[in-house]
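Asker: I have a structure I would like to understand better, so I am pasting it below and will then ask my questions one at a time.
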Amino acid sequence: MAAVIEIKVPDLGDFKDVEVIEVLVKPGDKVDKEASLISLESDKATMEIPSSDAGVVKELKVKLGDKVNTGSVILTLEAAAAAEAVASQAPASPAPAVPKEEARADTVSQESPREILPIPKPTPVPFEYQPVDSPTHKPHASPSVRRFARELGVDLGRVQGSGPKGRIQQEDVQTFVKTSLAGTSVSAAAAKPAVAGGVPFNLPELPQIDFSKFGPVEIRPLSRIKKLSGANLHRNWIAIPHVTQFDEADITELEAFRKSSSAETEKQGFKLTLLAFLVKACVTALRAHPDFNASLDRSGENLVLKKYFHIGVAVDTPEGLVVPVIRDADRKGVFDLARELAELSKLARDKKLKSVDMQGGCFSISSLGGIGGTAFTPIINAPEVAILGVSRSHMRPVWVNGKGDAGEFAPRLMLPLSLSYDHRVIDGAAAARFTSYLVSVLSDIRRSLL
Ligand code: CAO
């Protein structure tokens, strides 16, 4: 009978309570010695923990978001026959952690934007990377590059590394994708042109320009959040057929009410923001239009309708965009929502959000109203199917109907709304109904109480 052994976290040096950001195996999986089991991320480095033995995973002892230390048990393993003999002679000693990833210049302690923009695995990617029909080489790459490749659906075994000893860099993965999109493959084994939905993708390569030829330049690396959320945004933009529906809500009365109640909330130490009302109004609209409170399942053939209302709110921070989630927004009043929004945006700006604060969103709101603009096209936060963009309200003359043919222009405060939606799930007519409904709720916020 095969021996069951515990695989533990090796010596992590000074790192304590390091978060599990990825679990790469599941019970029943066969793993080789040195195969990666989990990824850990501290505020300074990301590392993959390899298996000290070969065998079959029996039971996982950690899950996503757990904090682990040196010696924590990761899983139990039914050791392979060959390993068993070794195991019987010597206790399983944890293999060293894969060398720590290059210490990051920034020390952002928030988790990866994979959490910020959560996507179920496997992500449907609209490109067809060529099937592997020749043995692949064993790739050497850092955990972040592996994650980047996984998110784009790239088999690292087919990517040529340009780093020391053939180590694969993020740029190599990007080049591979570009080349695949251009219809040529880096690997001679992969001769089939890349396609999206049966239509060949023949994008010309972006020109590589030495800008210093034209004038002085400065190179500033992107922040970690920007790099990772950039990959997700890019994927969402390409993978989801976006359409944006624009509308305008008359918030004259709502704004008067907000201002009249502000003194009361300020006494309690928080600001009653328009955003709190928007969250409330969106929940009302989502209730009335359940297809917007949904996600496509893995097969892409079923809609998963959610019976809870967790609303993501885009927050601009110096390191980049993060989307904390207000849970059970339907059970909270506008004051509670305003208080929680203030707390979440402070946590975001202080880099203190935890993974769990950014998970499980059903629908997102991105408000640029405090800054300016008349409209924009927000990118859907997959696996959600819609996102509401909010621009700056402005006072303008609006024709207000009176009795019979009578009417007049009246100054009204109008709020521009931009709803981007996944056209695979939502039809244009449904989107227009959703925004019209939202407009009616915002124009008479009492509707959100109904
Ligand atoms: N129209 C007019 N004025 C608005 C407004 C709107 N739609 N929304 C907010 N304002 C005003 C507020 O009334 C406030 O004015 P006062 O200081 O005079 O009271 C000011 O703008 C600042 O608003 P706020 O501090 O209350 O913040 P907010 O609730 O509007 O937004 C938050 C909070 C976290 C959403 C915001 O700080 C933020 O980060 N926005 C950027 C989000 C983003 O980057 N989205 C883009 C994603 S796509 O890349």
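Asker: DSSP loop chymotrypsin sites (Phe, Trp or Tyr not before Pro) in segment 211-267 with at most 10 other Cβ atoms within 10 Å of their Cβ, which ones? The partial results should precede the final answer.
Answerer: Working: sites: 211, 214, 237, 246, 257; in loops: 214.
Those that pass, being in a loop and sparsely packed, are 214.
Asker: Can I ask one more? When Lys and Arg each count +1 and Asp and Glu each count -1, what net charge do the other residues less than 12 Å away from residue 443, Cβ to Cβ, add up to? Spell out each step's value before the answer.
Answerer: Values: positive: 412, 446, 447; negative: 247, 248, 250, 253, 255, 444.
Here the charged neighbours net out to -3.
Asker: Where the only charges are on Cβ atoms (+1 Lys, Arg; -1 Asp, Glu), what is the dipole of segment 325-429 about its Cα centre, to the nearest 20 debye? Write down the numbers at each step before the final one.
Answerer: Numbers: 14 positive and 12 negative charges, 81 e Å.
That gives segment 325-429 a dipole magnitude of about 380 debye.
Asker: Filter 178/213; 8/351; 63/352; 30/61 down to the pairs with a C-alpha to C-alpha distance above 28 Å, please.
Answerer: Details: 178/213 25 Å; 8/351 30 Å; 63/352 21 Å; 30/61 16 Å.
The pairs that break the limit, which is 28 Å between Cα atoms, are 8/351.
Taken together, the values in this text are just the output of simple stated rules run on the coordinates, not laboratory data. This structure is a prediction, so every number in the text was calculated from the model and none was measured. Note: ideal-geometry Cβ built from the backbone for every residue, glycine included; neighbour counts use all protein chains shown.
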